[in-house]
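The structure appears below as structure tokens.
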Amino acid sequence: MSTTLAAMKRATHQAVLEGPGTVDGSIRQQVGSATPPPDLAVLVQKIRDHAYRVTDADVDALRAHYSEDQLFEVIVAAAFGAAEHRLQRALAVVEDACG
């Protein structure tokens, strides 16, 4: 991975999962690593596996406990965590193929 890409990835990781937010950073980190609190597990798994299948009902089910800003942060953290996971797997495949 190029130095510039690695730096951008680190900065994005820090901003999304560790930076200030309306959701506690530890929860965003759990969401990003696919180990969310139980009340977020269904939404996070759906985002990681088949984001196009997320419905308004999936998000509405959480509105009683989370604000719009908090739900946005959870959704972004889940999407970013899934992207990081896929990138790591792809880089591992490329590394294995190159010997």
Counting residues that are among the basic types (Lys, Arg), which helices (runs of 4 or more DSSP H) fully inside segment 14-99 reach at least 2? 41-50, 68-98
Would you pick out the residues in segment 1-49 that are loosely packed, with under 15 Cβ neighbours inside 10 Å, over 28 Å from residue 94 (Cβ atoms) and among the polar types (S, T, N, Q)? 22, 26
Return the pair list, or none, for Cβ contacts closer than 8 Å from residues in segment 72-99 that are under 18 Å from residue 10 (Cβ atoms) and at pLDDT 90 or above to residues that are assigned to a helix (DSSP H, G or I) and among the hydroxyl-bearing types (Ser, Thr, Tyr), at least 6 apart or on different chains. 80/12
Every pair of residues 6+ apart whose Cβ atoms lie under 6 Å, when the first sits in segment 1-29 and is closer than 14 Å to residue 83 by Cβ and in contact (Cβ under 8 Å) with a residue 40 or more places away in the chain while the second is among the basic types (Lys, Arg) and surrounded by 13 or more Cβ atoms within 10 Å (Cβ to Cβ): 17/28
In this structure, does residue 15 turn out to be at negative phi, modelled with pLDDT under 95 and not polar (S, T, N, Q)? yes
Sort out which residues of segment 50-92 are surrounded by fewer than 10 Cβ atoms within 10 Å (Cβ to Cβ) and hydrophobic (A, V, I, L, M, F, W, C), and write them in order of number. 57, 64
Every residue from segment 46-71 that is touching a residue at least 24 places away in the same chain (Cβ under 8 Å) and aliphatic (A, V, I, L, M): 47, 51
So for segment 25-47 (the condition being modelled with pLDDT of 95 or more, over 24 Å from residue 9 (Cα atoms) and among the charged types (D, E, K, R)), does at least one residue qualify? yes
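The values are calculated or read from the model by the stated rules, or taken from the named source; none is laboratory data. Please read these numbers as outputs of a predicted model, since none were measured by experiment. Methodologically, a virtual Cβ is constructed for each residue, glycine included, from the backbone with ideal geometry; neighbour enumeration extends over all protein chains shown.
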